[in-house]
Structures are given as structure tokens and as C-alpha cells.
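The values are calculated or read from the model by the stated rules, or taken from the named source; none is laboratory data. The structure presented is a predicted model; accordingly, all values stated were derived computationally and were not measured. Please note: Cβ atoms are built from the backbone with ideal geometry, for glycine as well, and neighbour counts cover all protein chains shown. Protein only, heavy atoms only, side chains kept; ligands, DNA and RNA dropped before computing areas. Shrake-Rupley method; radii C 1.70, N 1.55, O 1.52, S 1.80 Å.
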Amino acid sequence: MPPYVIAEVNGMRAAARAAGRDIIDLGMGNPDLPPPAHVIEKLCEVAQKPDAHGYSASSGIPGIRKAQANYYGRRFNVDLDPETEVVMTMGSKEGLASLATAITAPGDVVLAPNPSYPIHTFGFIIAGATIRSVPTTPDERYWDSLDRAMKYSVPRPSILIVNYPSNPTAETVDLAFYERLVAWAKENKVWILSDLAYSELYFDGNPTRSILEVPGAKDVAVEFTSMSKTFSMAGWRVGFAVGNQRLIAALKRVKSYLDYGAFTPIQAAACAALNGPQDIVEKNRELYQKRRDVMVEAFGRSGWDIPSPKASMFAWAPLPPALMHLGSLEFSKQLLTHAEVAVAPGVGYGEDGEGFVRIAMVENEQRLRQAARNIKRYLQSMGVNSSAA
């Protein structure tokens with residue numbers, strides 16, 4: 001296995017900071033905002049109880065599964081049975097890896113987007129599967145790629161991974177895409193694993209959709225969500241898998257061997273987040289949208305044009321044309337060294353990520369403007385012209 005790209009970026013950043021440099025970290029998608037106060041209060045309240053420190057349930061306490069089912073009902077108008085169609089995971093990342101272990105045999109062929117978040121491929125590689133790449137961009141080339149994969153892969157693919165809003169590309173899809181995808185999966189007898197970790201970080205008033213909104217989707221699909229970004233609870237490691245009962249049962253069985261569930265006070269606090277006031281979700285969404293607008297405008301004036309993302313906490317930025325020859329890894333290294341800005345090289349998300357970097361909007365607006373000024377100086381030193389600041 002190659003070095004994990006996020007760990008590599010973190011190592012570069014840590015070394016620079018250890019040397020006393022002020023690095024503006026736009027590399028890792030690590031929220032800089034705190035969870036809601038009432039959630040922290042619930043954590044502390046339950047942690048005070050003497051009986052709250054034993055083993056918990058690997059599939060999640062009943063309250064947390066009911067809370068997630070209620071969230072899907074409110075947000076997507078999807079009915080879920082908390083007993084058979086919902087399981088809590090240690091973040092969506094662990095859930096994907098555990099389900100890969102549950103349903104993958106050595107030699108199985110799995111369709112995964114390229115570029116993609118590493119767990120979408122390596123979770124299945126670790127389980128012994130072979131990965132066949134499909135595009136991330138949901139255009140006609142995507143559908144052609146799926147059809148070719150079914151025609152020419154031996155054995156035929158049995159699993160398809162989808163991730164919208166995409167990490168790293170921030171691309172989104174509409175309900176018509178999911179309707180077509182469910183029909184395709186049923187026709188080809190393929191399981192769909194949908195990663196919806198950025199369900200609530202959408203911009204410009206265009207809510208993200210769930211594949212489970214499609215009638216009959218639960219026949220072929222499981223969807224993963226996370227509280228990491230929605231409620232700024234990344235370190236708490238709270239996620240969910242919901243959907244097809246057979247896949248949920250398989251995930252529960254594997255998890256029963258691997259873990260005893262998250263710390264009970266964390267689960268109780270997660271219930272408070274899902275069941276309590278949701279104004280923090282809207283506030284976070286507005287904050288990330290403002291950061292997006294500041295970043296796109298300021299970086300553009302620095303000489304680096306960045307497409308404005310429609311969702312997620314990331315921008316997927318092509319390298320400045322004059323520096324495309326450097327490649328994404330070398331460009332990222334130079335940006336860290338000469339501009340004191342950390343970004344994630346696109347090649348770490350798959351070979352089709354070459355020529356791009358992923359920028360996380362996890363610094364405040366002032367720091368984003370400072371990053372743009374630093375980048376402008378670097379680009380000018382490399383002979384790249386920029387507009388007036």
C-alpha cells in the first residue's frame with residue numbers, strides 16, 4: 001500500500017510548524033468549528049453517571065438508531081426501521097471498511113470512482129478485492145464506463161461505490177442520477193454503497209439528495225453518513241449506515257466481532273445533536289459558503305482561478321496552467337515551502353486526480369485571504385501573472 005496521502009500531507013505540515021513556521025492548513029478536512037454547546041453538555045452529563053462507562057452496543061444504542069431514522073424521515077422523507085435498517089459506525093470511514101470486510105471475497109471486482117477518497121478503494125483492496133475505476137464526473141462517460149465494466153470485467157463487478165457530494169472533487173448529482181443508478185444496479189445485480197458524508201454542506205440553496213429517496217433503492221443500496229462535518233464532531237467518530245437490511249445485517253455481524261460500539265456518553269450526545277435544535281447546521285452551512293466565496297475571489301486575484309464548489313468543504317482546484325508541469329505533489333510541496341499553505345495533492349486520490357489539488361475550507365476568512373496573498377507572492381516568483389489585489 002502506498003503512504004496514506006492525508007498522513008503524508010500532515011507530516012509535511014507538522015515538520016514545517018515544528019520549525020516555527022505559520023502554516024495555513026488547507027490540507028485536511030478537519031473542521032475548525034466546535035460542536036453545539038448542548039451536545040457537549042450532554043456528553044459531560046452522561047459521563048458523570050457511574051454506569052455509563054462499560055461496553056456499549058456495536059450497532060449503536062436504540063436511541064441513536066431511532067434518532068438517525070428520524071433524521072432521514074425529516075430530511076429525505078425516507079422511512080427506516082431503526083432495528084433492521086440502521087447501524088451506527090465509528091464514522092463513515094470505519095463503516096465502509098467494515099462493510100467491505102463483510103461482503104467482499106478475494107478476487108471480487110468493485111467499481112470505485114477515480115479520483116476518490118482513499119477508503120473507497122483501499123477498504124476493498126484490504127479485503128482482497130480488485131478495483132476497476134469509473135469516472136467521478138457524473139456525465140455520459142460515467143454511464144459508458146459502467147456498461148464497459150459489466151461487459152469486460154471477469155468476474156462481473158458486484159459492488160459500486162458512489163460519493164456525492166464528492167470528496168475530493170465536490171461534484172454533486174440530482175435525484176434523476178440516482179433513479180438511473182438504481183435501475184442500472186437492479187438490472188446488473190450490483191450493490192450500491194453511497195457515501196453521503198457531506199449531506200448538509202450544500203450551497204446556494206440546493207440541498208443534496210439521498211439515493212434512498214428513489215423508490216426501491218433499499219433493494220440494492222446502503223448509504224453512509226457522518227456527524228463529523230454536519231455538527232463539527234470529527235474526532236467523536238460518529239457515523240451511520242442505513243438501507244438494505246441484508247447489508248446492514250452483514251455489517252452488524254462483522255462489527256460485533258470488531259468493536260463494542262462508541263463510548264455511551266458520545267452516543268447520547270450524538271442523539272442530542274440529531275434530536276435537538278438544528279440551527280447550528282444552517283449556521284455552519286452559511287459559514288462554509290462565505291469561506292468558499294472569499295477563497296474563490298481571493299485566490300482568483302492571486303492568479304489562481306478555482307472553480308466554485310457546489311457542496312462539501314472542499315474545492316477541487318486545477319494547478320495554474322503555467323505550473324501544470326510540476327505535477328500535484330511537487331506543486332503542493334512548493335506551496336507549503338514558499339507560500340506556507342498546505343493543500344492535498346490530487347494524485348493521492350487516484351491517478352485521475354493528477355493536475356489538481358484539494359483545498360479544504362477549514363480556516364477562517366482572514367486566514368484564507370492571507371493564504372491568497374502568500375500564494376500570489378509565490379506565483380509571481382514563478383512568473384505567473386496575477387490581477388491587482
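Here are the numbers for the structure shown:
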| item | result |
| --- | --- |
| Summed side-chain charge close to Val173 - residues other than Val173 whose Cβ falls under 11 Å, Lys, Arg +1, Asp, Glu -1 | -1 |
| Unit charges at the beta carbon, dipole of the chain: most positive-side option, His338, Gln278, Gly300 | His338 |
| Kirkwood hydrodynamic radius of the chain, from inverse mean 1/r over distinct Cα pairs, in Å | 21.7 Å |
| Most to least packed among 37-48, 339-350, 207-218, 176-187 [average Cβ atoms within 10 Å] | 339-350, 207-218, 176-187, 37-48 |
| Relative contact order (percent, whole number), the chain, Cα cutoff 8 Å, 6+ residue spacing | 24 percent |
| Relative contact order (%) - segment 155-312, alpha-carbon pairs under 8 angstrom, separation at least six | 25 percent |
| Spacing of the two label points (7 Å from each Cα toward its C-beta) at Lys310 and Asn30, in nm | 3.1 nm |
| Computed E for Ile125/Asn70 - FRET, C-beta separation, R0 41 angstrom, nearest 0.05 | 0.70 |
| Unit charges at the beta carbon, dipole of segment 179-251: most positive-side option, Gln245, Val214, Leu196 | Gln245 |
| Where the chain is the region considered: accessible area per residue in Å², 1.4 Å probe | 41 Å² |
| Between segment 163-181 and segment 266-328, the alpha-carbon center distance in angstrom | 17 Å |
| Listed residue (Pro320, Leu379, Tyr71) projecting farthest to the positive dipole end of the chain, Cβ model | Leu379 |
| Computed [θ] at 222 nm, helices only, for the chain once each DSSP H run of length n ≥ 4 contributes -39500 (n - 2.57) | -14000 deg cm²/dmol |
| Greater than 25 Å apart at Cα, pairs in Lys333/Lys376; Lys151/Lys186; Lys66/Lys186; Lys218/Lys255; Lys186/Lys255; Lys66/Lys189 | Lys66/Lys186; Lys186/Lys255; Lys66/Lys189 |
| Degrees between helix 37-47 axis and first principal axis of the chain (Cα, 0 to 90, nearest 10) | 50 degrees |
| Protein accessible area in the chain, 1.4 Å probe - carbon and sulfur % | 53 percent |
| GNM result for the chain, Cα springs below 10 Å: residue of Ala322, Ala250, Ala69 fluctuating most strongly | Ala322 |
| Fully extended contour minus Cα-Cα distance, from Ile40 to Asp22, at 0.36 nm per residue | 3.5 nm |
